[in-house]
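Right, one structure below, let's go through it.
The values are calculated or read from the model by the stated rules, or taken from the named source; none is laboratory data. Remember, it's a predicted structure, so these values are computed and weren't measured experimentally. A quick note on method: Cβ atoms are made from the backbone with ideal geometry, for glycine too, and the neighbour counts reach across all protein chains shown. Heavy atoms of the whole protein, side chains included, go into the accessibility calculation; ligands, DNA and RNA do not. Shrake-Rupley method; radii C 1.70, N 1.55, O 1.52, S 1.80 Å.
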Amino acid sequence: MKMQAEVIREGELEKRSDSLFQLWKKKLVVLTKDSLSLFPDGHKRAKGKELGFGSILKVDCVERTGKYIYFTIVTKDRKEIDFRCPDQSCWNASITMALIDFQNKRAIQDFKSRQEMEQAAGAQER
């Protein structure tokens, strides 16, 4: 059974579709410390798409117009997913900060794991 992650923020974002016309579609978005989940038609009941922060490289290409902030999430396999939000909502900042926090925690875990492995290898050599 999967534990429910603590929600940092929940609300609406618009995602550009991959179709030929590249229409903007509203999505209900749930941001947690580990992922960004997108639900179609604003309902959590529907099957959502989860973008785990382990698969996200960066939040990029922020452009501000009079009405919207446009930004792109770049995945580790170089896929780009375009979003826009109302100018004052700062969704791009919320996602960026959660991603940085995730990446920092992962880097600390990796460092501690390497230290423990090196210490164990040093102990075996003695």
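Do any residues in segment 95-108 that are among the hydrophobic types (A, V, I, L, M, F, W, C) have Cβ atoms under 6 Å from those of residues that are in a helix (DSSP H, G or I), where the two are at least six apart or on different chains, and which pairs are they?
Hits for this filter: LEU99/PHE53; PHE102/PHE53.
Could you figure out which of (1) touching a strand residue (DSSP E or B) at 6+ places or on another chain (Cβ under 6 Å); (2) in contact (Cβ under 8 Å) with a residue 40 or more places away in the chain isn't true of VAL74?
(2)
Could you grab me the full set of residues in segment 24-77 that are closer than 15 Å to VAL7 by Cα, assigned to a loop (DSSP other than H, G, I, E, B) and either open to solvent by 80 Å² or more (accessible area, probe 1.4 Å) or among the aromatic types (Phe, Trp, Tyr) (or both)?
Matches in segment 24-77: LYS33, LYS44.
If you take the residues of segment 78-112 that are in contact with a helix residue (DSSP H, G or I) (Cβ under 8 Å, 6 or more places away or on another chain) and part of a strand (DSSP E or B), which of them is farthest from GLU50 (Cα to Cα)?
The selected residue is CYS85.
Quick one: which residue in SER19, SER89, SER55 is at pLDDT below 95, among the hydroxyl-bearing types (Ser, Thr, Tyr) and within 17 Å of the chain's Cα centre (by Cα)?
Of SER19, SER89, SER55, the one residue that is at pLDDT below 95, among the hydroxyl-bearing types (Ser, Thr, Tyr) and within 17 Å of the chain's Cα centre (by Cα) is SER89.
Does segment 99-111 include one or more residues that are of a type in the set (A, V, I, L, M, F, W, C), closer than 21 Å to GLN22 by Cα and in contact with a strand residue (DSSP E or B) (Cβ under 9 Å, 6 or more places away or on another chain)?
The answer is no; no qualifying residue exists.
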